[in-house]
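Peer 1: Sending over a structure as structure tokens; questions will come in a sec.
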Amino acid sequence: MILRAAVIVLSLAGLADALYFTLAYYGRVRKARWAPPALCAREGSSCVAVVRTPYGSVFGVPNSLPGIVYYGLLLIWAVAGQSVAFGFRLGMTSYSITFTNLLIAVSAATVALGFYLIYALRRILRTDCPFCYAAHAMNLALLVLLVVAR
């Protein structure tokens, strides 16, 4: 139960982060007086600039948009409290995968992509993005929690 609660908290934080970056990608982030400058909540910040680079999107879709779906699926998993299995046939062979294992695979891919994006931030773009780092750290923590919960 504690693991699922931690997944809920991290997923909500990740969802907020993904929503922020999606809004930034589409130019909806303006200077916010309520947020300290360290949180990148202003036009022209490094966080907003990062989403406008080639590393901020794939095929014209911001990286954060699939993140919204990912965090939503994690929330569904954590709230449902049970794992569902999906089955399919390939020729004469049947396969099945649990929703938990599917989320672990997606989480592992997310973490791998995160390592690449951190590399791009630090070595190619030579900039910092605290919200980016927070999202990647949350993704790693979510992967660990999913593996432990399995």
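Peer 1: Fully extended, how many nm does the chain gain between R126 and A109 (0.36 nm per residue separation, minus their Cα-Cα distance)? Write out the running numbers ahead of the final one.
Peer 2: Numbers: separation 17, 0.36 × 17 = 6.12 nm, distance 2.38 nm.
Extending this stretch completely gives an extra 3.7 nm.
Peer 1: Putting +1 on Lys and Arg Cβ atoms and -1 on Asp and Glu Cβ atoms, find which of G60, S11, F88 reaches farthest to the positive end of the dipole of the range 2-149.
Peer 2: So the residue furthest toward the plus end is G60.
Peer 1: In addition: Can you pull out the chymotrypsin sites (Phe, Trp or Tyr not before Pro) in the range 46-125 that DSSP calls coil and that have at most 16 other Cβ atoms within 10 Å?
Peer 2: F59
Peer 1: Which FRET efficiency, nearest 0.05, do V58 and N101 yield, Cβ-Cβ r, R0 25 Å?
Peer 2: E between V58 and N101, to the nearest 0.05, is 0.55.
Peer 1: Starting from the 7 Å offset along Cα-to-Cβ, what nm value, one decimal, do you get for the label separation of F88 and V148?
Peer 2: The two pseudo-label positions are separated by 3.2 nm.
Peer 1: Here's something else I'd like to know. Working from the pairwise distances between different alpha carbons, so that the mean of 1/r is found and then inverted, what is the range 2-149's Kirkwood radius in Å?
Peer 2: Working: mean 1/r = 0.0608 Å⁻¹.
Answer for the range 2-149: a Kirkwood hydrodynamic radius of 16.4 Å.
Peer 1: Which angle between 0 and 90 degrees, to the nearest 10, do you get for helix 2-25 versus the longest principal axis of the chain when only C-alpha atoms count?
Peer 2: Long axis of 2-25 versus the principal axis of the chain: about 40 degrees.
Peer 1: 5 Å is the cut-off here: which amide hydrogens, built 1.01 Å from N in the peptide plane, fall below it relative to T98, excluding neighbours closer than 5 in sequence?
Peer 2: HN-HN under 5 Å from T98: F86.
Peer 1: Which value, in debye to the nearest 20, gives the size of the charge dipole of the chain about its Cα centre, when Lys and Arg are +1 and Asp and Glu are -1 at the Cβ? Provide the component values of the computation, followed by the final result.
Peer 2: On the way: 12 positive and 3 negative charges, 60 e Å.
Roughly 280 debye, rounded to the nearest 20.
Just so you know, all these numbers are worked out from the coordinates, no wet-lab data involved. Since we're looking at a predicted model, the values are computed, not measured. FYI the Cβ positions are ideal-geometry reconstructions off the backbone, even for glycines, and counts take in every protein chain you see.
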